[in-house]
(Lines give C-alpha, C1' and ligand atoms only; values in the text may rest on other atoms or scores of the structure.)
Protein backbone atom coordinates (compact mmCIF):
# COMPACT_ATOMS: atom_id res chain seq x y z
CA UNK A 1 0.00 0.00 0.00
CA UNK A 2 1.49 3.32 -1.15
CA UNK A 3 1.17 5.88 1.66
CA UNK A 4 1.48 9.67 1.38
CA UNK A 5 1.54 12.03 4.35
CA UNK A 6 0.43 15.41 3.04
CA UNK A 7 0.85 18.93 4.36
CA UNK A 8 4.31 18.77 5.92
CA UNK A 9 5.37 22.34 6.72
CA UNK A 10 8.78 22.32 8.41
CA UNK A 11 12.09 20.48 8.55
CA UNK A 12 11.70 18.98 12.02
CA UNK A 13 8.25 17.58 11.23
CA UNK A 14 9.53 16.19 7.94
CA UNK A 15 12.34 14.38 9.75
CA UNK A 16 9.87 12.92 12.22
CA UNK A 17 7.48 11.78 9.49
CA UNK A 18 10.33 10.36 7.40
CA UNK A 19 11.40 8.19 10.33
CA UNK A 20 8.16 6.24 9.90
CA UNK A 21 8.99 5.65 6.21
CA UNK A 22 5.94 6.69 4.22
CA UNK A 23 6.29 6.34 0.46
CA UNK A 24 5.82 10.08 -0.04
CA UNK A 25 5.21 13.39 1.66
CA UNK A 26 3.10 16.18 0.24
CA UNK A 27 4.33 19.77 0.17
CA UNK A 28 1.47 22.26 -0.20
CA UNK A 29 2.13 25.39 -2.26
CA UNK A 30 -1.38 26.85 -1.96
CA UNK A 31 -0.95 29.98 0.24
CA UNK A 32 -4.48 30.05 1.74
CA UNK A 33 -3.98 26.55 3.17
CA UNK A 34 -2.93 26.09 6.82
CA UNK A 35 -0.48 23.53 5.42
CA UNK A 36 1.26 25.94 3.06
CA UNK A 37 5.04 25.73 2.98
CA UNK A 38 7.42 28.33 1.59
CA UNK A 39 9.52 26.99 -1.31
CA UNK A 40 12.76 27.82 0.52
CA UNK A 41 11.64 25.70 3.49
CA UNK A 42 10.41 22.96 1.15
CA UNK A 43 13.90 22.80 -0.39
CA UNK A 44 15.37 22.32 3.09
CA UNK A 45 12.87 19.51 3.71
CA UNK A 46 13.68 17.61 0.53
CA UNK A 47 17.43 18.04 1.10
CA UNK A 48 17.20 15.84 4.20
CA UNK A 49 14.62 13.32 2.98
CA UNK A 50 15.77 9.72 2.45
CA UNK A 51 16.06 8.96 -1.26
CA UNK A 52 13.27 6.38 -1.12
CA UNK A 53 10.67 8.92 0.08
CA UNK A 54 9.12 10.95 -2.72
CA UNK A 55 8.27 14.63 -2.41
CA UNK A 56 5.04 15.58 -4.17
CA UNK A 57 4.18 19.25 -4.71
CA UNK A 58 0.52 20.18 -4.29
CA UNK A 59 -0.68 23.04 -6.50
CA UNK A 60 -4.20 24.48 -6.72
CA UNK A 61 -5.60 26.10 -9.90
CA UNK A 62 -2.30 25.77 -11.75
CA UNK A 63 -2.50 27.28 -15.24
CA UNK A 64 -0.54 26.91 -18.43
CA UNK A 65 0.70 30.48 -17.93
CA UNK A 66 2.29 29.39 -14.63
CA UNK A 67 3.99 26.35 -16.16
CA UNK A 68 7.55 27.67 -16.06
CA UNK A 69 7.07 29.16 -12.59
CA UNK A 70 5.87 25.80 -11.26
CA UNK A 71 8.63 23.95 -13.12
CA UNK A 72 11.18 26.22 -11.45
CA UNK A 73 9.79 25.22 -8.04
CA UNK A 74 9.94 21.56 -9.04
CA UNK A 75 13.61 21.93 -9.94
CA UNK A 76 14.50 24.07 -6.93
CA UNK A 77 12.97 21.65 -4.46
CA UNK A 78 13.68 18.38 -6.22
CA UNK A 79 10.07 17.22 -6.43
CA UNK A 80 9.26 13.87 -7.99
CA UNK A 81 5.67 14.70 -8.78
CA UNK A 82 3.05 17.43 -9.10
CA UNK A 83 -0.44 17.03 -7.62
CA UNK A 84 -3.06 19.14 -9.38
CA UNK A 85 -5.77 19.96 -6.88
CA UNK A 86 -7.94 22.63 -8.46
CA UNK A 87 -9.62 23.53 -11.74
CA UNK A 88 -6.76 22.48 -14.02
CA UNK A 89 -7.65 21.48 -17.56
CA UNK A 90 -5.71 18.83 -19.49
CA UNK A 91 -3.97 21.68 -21.32
CA UNK A 92 -2.87 23.19 -18.00
CA UNK A 93 -1.50 19.87 -16.79
CA UNK A 94 0.31 19.20 -20.05
CA UNK A 95 1.91 22.65 -20.06
CA UNK A 96 3.20 22.22 -16.50
CA UNK A 97 4.47 18.67 -16.93
CA UNK A 98 6.20 19.42 -20.24
CA UNK A 99 7.96 22.38 -18.62
CA UNK A 100 9.24 20.13 -15.81
CA UNK A 101 12.26 17.83 -15.95
CA UNK A 102 11.63 14.42 -17.55
CA UNK A 103 10.04 11.82 -15.32
CA UNK A 104 7.94 14.13 -13.14
CA UNK A 105 4.69 12.34 -12.39
CA UNK A 106 1.25 13.97 -12.53
CA UNK A 107 -1.37 13.21 -9.88
CA UNK A 108 -4.87 14.59 -10.47
CA UNK A 109 -7.39 15.14 -7.69
CA UNK A 110 -11.04 14.32 -8.35
CA UNK A 111 -14.26 14.36 -6.36
CA UNK A 112 -17.02 11.73 -6.58
CA UNK A 113 -19.60 14.34 -7.50
CA UNK A 114 -21.54 12.26 -9.99
CA UNK A 115 -19.43 13.31 -12.98
CA UNK A 116 -17.82 9.93 -13.43
CA UNK A 117 -18.24 10.07 -17.18
CA UNK A 118 -15.86 13.06 -17.31
CA UNK A 119 -12.97 11.16 -15.78
CA UNK A 120 -12.03 8.73 -18.60
CA UNK A 121 -12.30 11.52 -21.19
CA UNK A 122 -10.15 13.79 -19.01
CA UNK A 123 -7.48 11.09 -18.70
CA UNK A 124 -7.58 10.45 -22.46
CA UNK A 125 -7.28 14.18 -23.20
CA UNK A 126 -4.18 14.32 -20.99
CA UNK A 127 -2.75 11.28 -22.76
CA UNK A 128 -3.38 12.87 -26.15
CA UNK A 129 -1.31 15.82 -24.96
CA UNK A 130 1.54 13.55 -23.95
CA UNK A 131 0.82 13.21 -20.22
CA UNK A 132 0.08 9.90 -18.53
CA UNK A 133 -1.75 10.52 -15.24
CA UNK A 134 0.12 8.54 -12.57
CA UNK A 135 -2.80 8.40 -10.12
CA UNK A 136 -6.23 9.85 -9.46
CA UNK A 137 -6.54 11.20 -5.93
CA UNK A 138 -10.19 10.80 -4.94
CA UNK A 139 -11.11 13.33 -2.28
CA UNK A 140 -14.31 14.60 -0.66
CA UNK A 141 -15.88 17.72 -2.09
CA UNK A 142 -15.99 20.81 0.13
CA UNK A 143 -16.70 24.29 -1.28
CA UNK A 144 -13.61 26.53 -1.36
CA UNK A 145 -11.47 23.85 0.30
CA UNK A 146 -8.81 21.84 -1.48
CA UNK A 147 -7.82 18.83 0.62
CA UNK A 148 -7.51 18.45 4.37
CA UNK A 149 -11.26 18.76 4.87
CA UNK A 150 -11.63 15.75 7.17
CA UNK A 151 -14.66 14.61 5.16
CA UNK A 152 -14.86 11.07 3.82
CA UNK A 153 -16.11 9.99 0.44
CA UNK A 154 -18.79 7.34 -0.03
CA UNK A 155 -16.49 4.31 -0.02
CA UNK A 156 -18.93 1.68 -1.39
CA UNK A 157 -20.04 4.03 -4.17
CA UNK A 158 -16.44 4.83 -5.02
CA UNK A 159 -15.52 1.18 -5.31
CA UNK A 160 -18.53 0.42 -7.49
CA UNK A 161 -17.90 3.36 -9.84
CA UNK A 162 -14.13 3.41 -10.13
CA UNK A 163 -12.90 1.35 -13.09
CA UNK A 164 -9.61 0.10 -11.66
CA UNK A 165 -8.91 -1.98 -14.76
CA UNK A 166 -8.89 0.96 -17.17
CA UNK A 167 -8.39 4.14 -15.15
CA UNK A 168 -5.19 5.35 -13.45
CA UNK A 169 -4.33 3.92 -10.02
CA UNK A 170 -6.74 5.07 -7.33
CA UNK A 171 -5.25 7.14 -4.50
CA UNK A 172 -7.84 7.42 -1.72
CA UNK A 173 -8.04 10.58 0.40
CA UNK A 174 -10.72 12.39 2.37
CA UNK A 175 -11.28 11.96 6.09
CA UNK A 176 -8.79 9.14 6.51
CA UNK A 177 -7.24 8.57 9.95
CA UNK A 178 -5.63 5.76 11.95
CA UNK A 179 -9.02 4.70 13.31
CA UNK A 180 -10.70 4.16 9.93
CA UNK A 181 -7.91 3.45 7.46
CA UNK A 182 -8.35 -0.32 7.72
CA UNK A 183 -12.07 -0.07 6.92
CA UNK A 184 -11.35 2.38 4.10
CA UNK A 185 -8.83 0.10 2.44
CA UNK A 186 -11.06 -2.94 2.89
CA UNK A 187 -14.04 -1.08 1.37
CA UNK A 188 -12.33 0.65 -1.55
CA UNK A 189 -9.25 -1.48 -2.31
CA UNK A 190 -7.21 1.54 -3.49
CA UNK A 191 -3.69 1.50 -4.87
CA UNK A 192 -2.63 4.05 -2.27
CA UNK A 193 -3.84 6.34 0.51
CA UNK A 194 -3.24 10.01 1.30
CA UNK A 195 -3.76 11.74 4.64
CA UNK A 196 -3.40 15.28 6.01
CA UNK A 197 -5.83 16.38 8.76
CA UNK A 198 -6.37 12.83 10.03
CA UNK A 199 -2.87 12.70 11.52
CA UNK A 200 -2.86 16.21 13.01
CA UNK A 201 -3.34 17.60 16.51
CA UNK A 202 -4.48 20.93 14.98
CA UNK A 203 -4.64 22.25 11.40
CA UNK A 204 -1.21 21.85 9.84
CA UNK A 205 0.40 20.35 12.95
CA UNK A 206 1.32 16.69 12.54
CA UNK A 207 1.00 14.33 15.54
CA UNK A 208 3.89 11.80 15.41
CA UNK A 209 1.90 9.06 17.14
CA UNK A 210 -0.98 9.41 14.72
CA UNK A 211 1.36 9.46 11.73
CA UNK A 212 3.00 6.26 12.89
CA UNK A 213 -0.33 4.58 13.64
CA UNK A 214 -1.74 5.56 10.25
CA UNK A 215 1.24 4.16 8.33
CA UNK A 216 1.29 0.97 10.41
CA UNK A 217 -2.44 0.36 9.96
CA UNK A 218 -2.34 1.09 6.24
CA UNK A 219 0.63 -1.18 5.71
CA UNK A 220 -1.19 -4.07 7.40
CA UNK A 221 -2.81 -4.70 3.99
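List of remarks:
- When 158, 176 are checked against the criterion of being closer than 24 Å to residue 88 by Cβ, touching a strand residue (DSSP E or B) at 6+ places or on another chain (Cβ under 8 Å), modelled with pLDDT of 95 or more and surrounded by 15 or more Cβ atoms within 10 Å (Cβ to Cβ), a single residue qualifies: 176.
- Subset of segment 71-83 [surrounded by fewer than 23 Cβ atoms within 10 Å (Cβ to Cβ) and in contact with a helix residue (DSSP H, G or I) (Cβ under 8 Å, 6 or more places away or on another chain)]: 71, 73, 76, 77, 78
- Selection count, segment 90-109, where residues are assigned to a loop (DSSP other than H, G, I, E, B) and touching a strand residue (DSSP E or B) at 6+ places or on another chain (Cβ under 9 Å): 2
- Wholly within segment 162-221, strands (runs of 3 or more DSSP E) carrying at least 2 residues that are in contact with a helix residue (DSSP H, G or I) (Cβ under 6 Å, 6 or more places away or on another chain): 192-195
- Residue list for segment 110-137, restricted to those being within 18 Å of the chain's Cα centre (by Cα), outside any helix (DSSP H, G or I) and at pLDDT 95 or above: 131, 132, 133, 134, 135, 136, 137
- The set of residues from segment 15-32 being closer than 15 Å to residue 195 by Cβ and buried (at least 20 other Cβ atoms within 10 Å of the Cβ) comprises 17, 22, 24, 25, 26, 27, 28.
- Residue 23 being over 26 Å from residue 122 (Cα atoms) and either at pLDDT 95 or above or within 17 Å of the chain's Cα centre (by Cα) (or both): yes
The values are calculated or read from the model by the stated rules, or taken from the named source; none is laboratory data. From a predicted model like this one, the values you see are computed outputs, not experimental measurements. Note: ideal-geometry Cβ built from the backbone for every residue, glycine included; neighbour counts use all protein chains shown.
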